[in-house]
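Here it is, the structure, as structure tokens.
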Amino acid sequence: MTSANQHIYLSALIQGRDGYDWIDDLDGWDDEAPCEWEGITCEGGNVVSIKLPGYDLEATIPPALGELSLLKNIDLSKNMIRGPIPISIFELPHLETIDLSENEITGTLRCFSSPALKSMRLDSNLIAGTIPEKCPGLGYNKKLERFSAIRNNLQGTIPSIFTKMTKLHTLSLSENKLSGTISNGLGKLPNMQYLYLDNNYFQGTVPSSLGSASLLELWVQENLLSGTIPADISDLDNLFNFYVDGNQFTGTVPKDLCRDTLNADFFKNAPKAKDRDYCQSIACPTGFVSEQGIFPCTACPQTYFNPYIGRVGYCIDISQHDILMALYDSADGKEWTNMKVPWSADDEYYCGYTGVSCDNKNNVIGIDLKGRGLSGTIPEELGFLQFLKKLDLSDNYLFGYLPSDFRWAPLETLDISGNQIKGIVPYQLCNSPINSNGKDGNYNCNNIACAVGSYSPTGKDNCEPCYTGTFIGSKTCHSMMSKNGSVAGGGSQLTNIGVTFLFAFVMVTCTVAFCSCFLPLLYRWCKDKGEVRKNEEETMELSHTMT
């Protein structure tokens, strides 16, 4: 590669009038010897490193940088870089480190081609979509030590590919929109030391296998996790930060975790640090709350309740009227349809509300709001109706996640099918007698709702595969419609059916000579149309999720 060419490729970073003002403060960028430029490192006359962190660079990443095929290191962090990462950067064959954190980068992630990649940092950007699950060739699963993408708009699950990265010591995915469960395989990685998964929508439990890792820090706070804190975590002698607050954990903090060294840096400058309770330094006990779910903790008022450890902010109001109003507010009650007796914060005779059934002691035992235009999320408070036996919220426009809090109600029948609920059915509900679950010893999550990627006419029981499925409790293998009539997901199957039919029709009716010329063009056109449709649907679903 000639020096002149390298000069041209690097100069692509100089964009617009502001770009020429920018290089005025850089040494050497006004000549044609790039190996002498500030922030540029060469080996044997070839550019191998671009390091310009915090240089006030306002630009997009030019695809031309990918022509520097011997690049090993890129650091453009803490600048004002916009737009997506070009494909040419993902395809750099010798890339070892890339740091694009603290910019305004958009677009989605692709697989990096370099088998030498050790560190990838994309923190504090606007990257959306999912983390690639399958990467051809070596990808980034052999030598990668750090994968960090905190504070972005990533969704989907943690790809299983991470469980194969034996050299991975840091996985940082905090503050995204990720869901699913935490894999046992992460605890089996021999070099894992820092695992940051906080402020997402993870469900399920904390794997006990994490107690076998070499973790120094484990952050899982502010998720939808349930179960108990595994006692195995106590075996992590060198663990110094462990945050679990803001979940739905029950039980107590294992005594062996109540040590003065754990979370000590959080309390270093706190006014009551000397008097802190070491168990409460991990999570406030049940019946207590605090602003951050940890010491100092305050007992719940008399008419409030909290069955969780590490509860953040407030205790749960167990007034039946207030719980119904929580549903009304959370599910856009003003827009509900066919309500002969509307719900009202001013009218506390809740047993007369449309869809509400009570016993002779005015205890709510049933709520039936099937197909009444509910839109929003299902509030956790519903799980604390102490006499609720039947809950039907089916065929509405509810989104979000199914609360594990329903375990506290004596539910016999639950129907959330035909909505846009994501994630999984919490295992506490799968192991409960809801919907006759457990009959003849059969406990099955499908008895509560069909999993993502499956469906049935009732949204539960006898679920069949549906590869375009996005939600739990799907009744069809077609697109779910949002309240405004737009497609919420899964429509690519219809497009594919139409393409297949058209292709088959032409195959039958055209002559052999005509088809040999025309069909390849038709197929390519149909395929392109299908890809466009698929991309449009993914964009609409992403937009719906972000709003």
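Residue separation times 0.36 nm, minus the C-alpha to C-alpha distance between residue 442 and residue 184: what's the value?
The residue 442-residue 184 span can extend by a further 90.4 nm.
Suppose R0 equals 22 Å; then what is the FRET efficiency for residue 91 and residue 160 from their Cβ-Cβ distance, rounded to the nearest 0.05?
E(calc), rounded to 0.05, equals 0.40.
Taking only DSSP H segments of four or more residues, each worth -39500 (n - 2.57), what value at 222 nm results for the chain once the sum is divided by all its residues, to the nearest 500 deg cm²/dmol? Walk me through the numbers before you get to the answer.
Working: 7 runs with 88 residues, N = 547.
Helix-only estimate at 222 nm: -5000 deg cm²/dmol.
Pick out, from 410, 302, 208, the residue whose Cα sits farthest towards the positive end of the charge dipole of the chain, with +1 on the Cβ of Lys and Arg and -1 on the Cβ of Asp and Glu.
410
Once Lys and Arg get +1 and Asp and Glu get -1 on their Cβ, which of 63, 355, 323 lies farthest toward the positive end of the dipole of the chain?
Most positive-ward Cα: 355.
Going by Cα centres, the stretch 163-217 and the stretch 372-437 are how many Å apart?
28
Also, quick follow-up: Per the Kirkwood treatment, what hydrodynamic radius in Å, one decimal, follows for the stretch 49-173 from the mean inverse distance over all distinct Cα pairs?
In the stretch 49-173 this quantity evaluates to 14.4 Å.
Moving on. Starting from the Cα of residue 461, step 7 Å toward the Cβ, then list every residue of the stretch 396-437 with an amide N under 13 Å from that point.
Within reach of a label on residue 461, which here means backbone N under 13 Å from a point 7 Å along Cα→Cβ, the stretch 396-437 contributes 413-415, 435-437.
Near the amide H of residue 129, under 5 Å away, which other amide H atoms are found, from residues 5 or more places off or on another chain, if H is placed in the peptide plane?
Long-range HN contacts for residue 129: 155.
Over the Cα atoms of the stretch 53-272, what Rg and Dmax result, in angstrom?
For the stretch 53-272, the Cα radius of gyration and maximum Cα-Cα distance read 18.3, 57 Å.
Here's another thing I want to ask about it. For residue 32 and residue 133, FRET efficiency with R0 = 56 Å and r from the beta-carbon atoms, rounded to 0.05? Walk me through the numbers on the way to the answer.
Numbers: r = 44 Å, r/R0 = 0.78.
Once the sixth-power term is evaluated, E becomes 0.80.
Give the lysines whose C-alpha is closer than 28 Å to that of residue 460, dropping any in the same chain fewer than 8 places away, or say none.
Qualifying lysines at Cα under 28 Å: 177, 370, 389, 390, 422, 439, 475, 483, 534.
Along the positive direction of the dipole of the chain (beta-carbon charges: Lys, Arg +1; Asp, Glu -1; about the Cα centre), which of 462, 472, 127 reaches farthest?
Final value for the positive-end residue is 462.
In whole Hz and in residue order, list the ³J(HN,Hα) couplings for the stretch 163-173 that follow from phi through the Karplus curve 6.51 cos²θ - 1.76 cosθ + 1.60, θ = phi - 60°; x for Gly and Pro.
So the J values, rounded to whole Hz, are 6, 9, 8, 5, 9, 5, 10, 9, 10, 10, 10.
Rank-order 149-161, 356-368 by packing density, defined as the average count of other C-beta atoms within 10 Å over each peptide's residues, highest first. Show your work: numbers first, answer last.
Details: 149-161: 18.8, 356-368: 15.2.
So the peptides 149-161, 356-368, ranked by packing, come out 149-161, 356-368.
In debye to the nearest 20, how big a dipole does the stretch 318-489 give about its Cα centre with +1 on each Lys and Arg Cβ and -1 on each Asp and Glu Cβ? Provide the component values of the computation, followed by the final result.
On the way: 13 positive and 19 negative charges, 85 e Å.
With Lys and Arg at +1 and Asp and Glu at -1, about 420 debye.
Also, quick follow-up: If the cut-off is 14 Å between C-alpha atoms, which aspartates and glutamates fall inside it for residue 164, apart from same-chain ones fewer than 8 positions away?
Candidates past the 8-residue exclusion: 133, 145.
With +1 on each Lys and Arg Cβ and -1 on each Asp and Glu Cβ, and nothing else charged, work out how big the dipole of the stretch 53-272 is about its Cα centre, in Debye to the nearest 20. Spell out each step's value before the answer.
On the way: 19 positive and 23 negative charges, 96 e Å.
My answer is approximately 460 debye.
Students often check this: by mean Cβ neighbours within 10 Å, which of 235-248, 409-422, 50-63 ranks highest, and how do the rest follow?
In decreasing order of mean packing, 235-248, 409-422, 50-63 become 409-422, 235-248, 50-63.
For residue 334 and residue 314 in the same chain, what is the full-extension length gain: residue separation times 0.36 nm, less their Cα-Cα distance, in nm?
The span from residue 334 to residue 314 would gain 4.6 nm if fully extended.
Report, in cubic angstrom per residue, the convex hull volume of the C-alpha atoms of the chain.
Enclosed volume per residue, from the Cα hull, is 219 Å³.
Right, here's the next one. If you put +1 on each Lys and Arg Cβ and -1 on each Asp and Glu Cβ, how big is the dipole of the chain around its Cα centre, in Debye rounded to 20? Write out the running numbers ahead of the final one.
Details: 42 positive and 63 negative charges, 396 e Å.
Around 1900 debye, computed over the chain.
Further, regarding this structure: What order, most packed first, do the peptides 170-176, 332-338 have when packing is the mean number of other Cβ atoms within 10 Å of each residue?
170-176, 332-338
Bear in mind that the values in this text are calculations on the coordinates, not laboratory data. Computed from a predicted model, the values in this text were never measured in an experiment. For neighbour counting, all protein chains shown are included, and Cβ atoms are generated from backbone atoms with ideal geometry for every residue, glycine included.
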